[in-house]
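Remarks on the structure that follows.
The numbers here are math on the coordinates, done by the rules we state, and not lab data. Quick caveat: nothing in here was measured; it's all calculated off a predicted structure. Ideal geometry is used to build each Cβ from the backbone, glycine not excepted, and the neighbour counts take in all protein chains shown.
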Number of protein chains: 2
Amino acid sequence: MTVNKSSEASVGEKNKQKIVQAAEQVFAQQGFKGSSVQQIADTAGLPKTNVLYYFKTKQSLYQAVLQHTLSLWNSRFDQAQATDDPAEILAEYISEKIDMSRTHPLSSKIFAMEILNGGPNLDTYFNHEQVSWMKGRVAIIESWINQQKIVAVDPYYLLFTIWASTQHYADFSEQVTRLRGEKMKKVDFDHAKRTVIQLVLTGCGLTVPLCYQSSQ
Amino acid sequence: MTVNKSSEASVGEKNKQKIVQAAEQVFAQQGFKGSSVQQIADTAGLPKTNVLYYFKTKQSLYQAVLQHTLSLWNSRFDQAQATDDPAEILAEYISEKIDMSRTHPLSSKIFAMEILNGGPNLDTYFNHEQVSWMKGRVAIIESWINQQKIVAVDPYYLLFTIWASTQHYADFSEQVTRLRGEKMKKVDFDHAKRTVIQLVLTGCGLTVPLCYQSSQ
DNA sequence: CGAAAAGTAGACCAGGAGGTCAGTTTATTT
DNA sequence: AAATAAACTGACCTCCTGGTCTACTTTTCG
């Protein structure tokens, strides 16, 4: 079995990717139960049977989509240290998260729906990866508080606030669009970014780094 | 067996109410398409046909549930004036919204799902009620800025931030619970409340009213 | 009382769902 | 070129869904 990587991987893997992408779209719009394999197949431009050939069940396809979503969520905050500048780290984290809402809204929506439904497909992720990530970040924030680099603020609720107010622009984009009267463009996301950074950082007793200040 | 209104209304209305309540539970957990009329009927302790007797279609039942949800969302901010104290108004608004997340999480979840699915059942609501509400609140915030009562901050993104970071505790309660290790109790909600108030108000250049300050 | 209206409920139906199977086409290896 | 493996697909099956129909019981109220 010599390995012709490009073709071996390409035929199958390429289709798999195409299916996952189509599934992402459909799942994000209709939820897991609301989406049909047929619909996903149509979106991918393949017969239904072909989709089931690559993913034995609808659920395993969904889990592949979810996995792909989770794989996107790395950030510079992951490697933050107690010695780092909180203003810089937090501002960049908020910036990254809002960029994610702009560039990968479907992923955010799928995750949101999964949580709303009780997160039945997230056991391992939650019980290990995210919990330990959280503990690490909380420890760093606490140490910033102890060093009096930032005002005393509960690290959990601080992080929840950051998540909520950044993911909001992906998950609730429909509402945001209708209320503003037009779709958010890149400049609007940047505007939102600066607003959230201003609120959170000032709220923590920090000065907003120059590059994130509202360009008057 | 005299004509007593309470019983006339009670047989039908009481059942209707019971059904709506059951539907709220089921819809919030499984979404519209994920819920079956049978499941709602079982939850309400009635035969399926009986549910369809009161609500001709699954969708009309869903709309009744959604309507009930929207009817809960009144707040003191609705009547706010440019002459009011922004610190007080905003703090109370945040407080009210977090209370809603605690006392009516199902409503919040149903609304969130509706938006995630593109809000197909919210046309009239959005195009009239909420848009005009928004315009009114934006005007007041802008006037606060002009009076230099608060720092310059985009009213839209300020309101989105408040919504996001308060509703988060209902919509993402599953995630919050798993990350914290235990369910949020009333004290925890109050703690979150103070955190959000601190962040937002300080971020707007305001002083947190005494009654909302973190009781050290 | 007695009729009409309101409420309850089982049997049933058409349609769409996820998934299987058996058979065909295409690609890869020797 | 032959053989083997991978990719593909139409026909089909079972199960569940929202919703209807019909018939029965209970309430209401002149």
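Quick notes on this structure:
- Look at (1) in contact with a Leu (Cβ under 8 Å, 6 or more places away or on another chain); (2) of a type outside the set (V, I, T); (3) within 11 Å of another protein chain (Cβ to nearest Cβ); (4) crowded, with 22+ Cβ neighbours inside 10 Å and you find that B:Y156 fails only one, number (4).
- Candidate set from the stretch A:174-186 (those that are more than 9 Å from chain B (Cβ to nearest Cβ) and within 20 Å of the chain's Cα centre (by Cα)); member that is farthest from B:A112 (Cα to Cα): A:K186
- Residue list for the stretch B:41-60, filter: within 6 Å of DNA strand D (Cβ to nearest atom), surrounded by 12 or more Cβ atoms within 10 Å (Cβ to Cβ) and away from chain A (no Cβ under 14 Å): B:L52
- Restricting attention to the stretch B:28-54 and to residues that are away from DNA strand C (no atom under 12 Å from the Cβ) and among the hydrophobic types (A, V, I, L, M, F, W, C), the residue that is nearest to B:K18 (Cα to Cα) turns out to be B:I40.
- Which numbered condition A:A80 misses (of (1) within 22 Å of A:F172 (Cα to Cα); (2) more than 13 Å from DNA strand C (Cβ to nearest atom); (3) of a type in the set (A, V, I, L, M, F, W, C)): (1)
- Helices (runs of 4 or more DSSP H) completely within the stretch B:106-183 that count 2 or more residues being closer than 25 Å to A:T202 by Cα: B:131-146, B:155-171
- Filter result for the condition that a residue is among the polar types (S, T, N, Q), in contact (Cβ under 8 Å) with a residue 40 or more places away in the chain and either out of contact with any Lys or Arg (no Cβ under 6 Å at 6 or more places or on another chain) or under 21 Å from B:P209 (Cβ atoms) (or both), over B:S132, B:S143: B:S143
- Flag for B:K135 being under 10 Å from the mean Cα position of the chain (by Cα) and farther than 15 Å from B:K193 by Cβ: no
- In the set (1) of a type outside the set (K, R); (2) more than 15 Å from DNA strand D (Cβ to nearest atom); (3) in a helix (DSSP H, G or I), B:A82 fails one condition alone, (3).
- Flag for A:L66 being closer than 21 Å to B:Q30 by Cα, away from DNA strand D (no atom under 16 Å from the Cβ) and assigned to a helix (DSSP H, G or I): yes
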